[in-house]
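Student: Can you keep this structure in mind? I'll have questions shortly.
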Amino acid sequence: MTLPIYVYGSPVLRKVAADITKDYEGLSTLIANMWETMYKSDGVGLAAPQVGKSIRLFVIDASPMDEEEPALKDFKKVFINARILNREGEEWAFSEGCLSIPNIREDVYRPEKIHIQYYDEKWEFHDEYYEGIAARVIQHEYDHLDGLLFVDHISPIRRKLLTGKLNAIIKGKVDVSYKIKLPK
Ligand SMILES: [Zn+2]
């Protein structure tokens with residue numbers, strides 16, 4: 001089942017999400033629905049707050065980006081209760097978009113490498129290091145768990161230039177091909 005995506009202005013996107021336990025009700029259904037929602041909307045990642053759940057869960061399938069980075073060919077993962085322990089390396093710019101901020105892309109600077117710990121959908125623990133586009137996508141999705149959006153990382157001037165477009169999203173004056181949930 002596809003879920004509506006909460007867009008810019010929705011309070012749930014600004015909350016710090018909570019860890020979950022193994023007995024979180026409906027977890028496997030939620031994950032399946034998040035995959036379906038992500039694929040239908042042509043995203044490479046989706047975080048639970050984007051479907052209205054303030055929990056520390058996100059999914060990523062970066063395989064469509066394997067032309068840019070062949071290592072991403074099989075990159076399809078579920079991240080539960082993730083914690084980034086360290087970020088390092090030079091910050092580099094990449095044009096980011098977000099399903100919760102339709103039709104806007106901006107260059108965002110983020111550190112090159114991360115060290116992350118998380119559980120997968122089978123509740124197996126992982127302690128891993130990522131770099132390049134994988135580290136980029138993870139950091140974007142991870143931000144959603146802390147109530148951050150990519151527009152928080154751009155310069156105040158760039159953000160000011162986007163005000164009109166962001167206000168249009170809040171009011172639903174946006175052309176999207178997937179279901180969205182507007183802020184009340
Ligand atoms: Zn996003």
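No lab work stands behind these numbers, since they all come straight from the coordinates. Since this is a predicted model, take the numbers as computed values, not measurements. Positions of Cβ are backbone-derived with ideal geometry, glycine not excepted, and every protein chain shown enters the neighbour counts.
Student: Scanning the chain for helices, which whole DSSP H stretches are 18 Å or more long along the axis (Cα) and average 0.0 or more by Kyte-Doolittle? Write out the running numbers ahead of the final one.
Tutor: Details: long enough: 27-40 (20 Å, 0.17); 132-145 (21 Å, -0.18); 156-170 (20 Å, 0.25).
Membrane-span-like by this criterion, though nothing is claimed about a membrane: 27-40, 156-170.
Student: Taking the highest mean first, how do the peptides 1-13, 133-145, 64-76 order by number of other beta carbon atoms within 10 angstrom per residue?
Tutor: Numbers: 1-13: 18.3, 133-145: 22.5, 64-76: 13.7.
Ranking, from highest mean packing down: 133-145, 1-13, 64-76.
Student: Apply 1/(1 + (r/R0)^6) to the Cβ-Cβ distance of residue 73 and residue 115, taking R0 = 25 Å, and write down the FRET efficiency to the nearest 0.05.
Tutor: Values: r = 23 Å, r/R0 = 0.91.
My answer for the efficiency is 0.65.
Student: Tell me, what are the semi-axes, in whole angstrom and largest first, of the equivalent ellipsoid of the chain as set by the roots of 5 times the Cα gyration tensor eigenvalues?
Tutor: Working: eigenvalues 113, 87, 47 Å².
Values for the chain, descending: 24, 21, 15 Å.
Student: Put a dot 7 Å past each Cα toward the Cβ at residue 163 and residue 182; how far apart are the dots in nm?
Tutor: Here the answer is 2.2 nm between the modelled labels.
Student: In region 126-164, which residues have a backbone nitrogen under 15 Å from the label point lying 7 Å from residue 15's Cα in the Cα-to-Cβ direction?
Tutor: Of the residues in region 126-164, 144-148 have backbone N under 15 Å from the label point off residue 15.
Student: To one decimal place, what orientation-averaged projected area in nm² is obtained for the convex hull of the Cα set of region 91-184?
Tutor: Details: hull surface 30.4 nm².
Mean projected area for region 91-184: 7.6 nm², to one decimal.
Student: So between residue 170 and residue 124, what do we pick up on full extension, going 0.36 nm a residue minus the alpha carbon distance? Present the calculation step by step, with values, prior to reporting the outcome.
Tutor: Details: separation 46, 0.36 × 46 = 16.56 nm, distance 3.83 nm.
Length gained between residue 170 and residue 124: 12.7 nm.
Student: Given axes a ≥ b ≥ c from the Cα gyration tensor, I'd like to know whether region 133-184 is rounded (a/c under 1.5), prolate (a/b larger than b/c) or oblate.
Tutor: Because a/c hits 1.5 or more and a/b fails to exceed b/c, region 133-184 counts as oblate.
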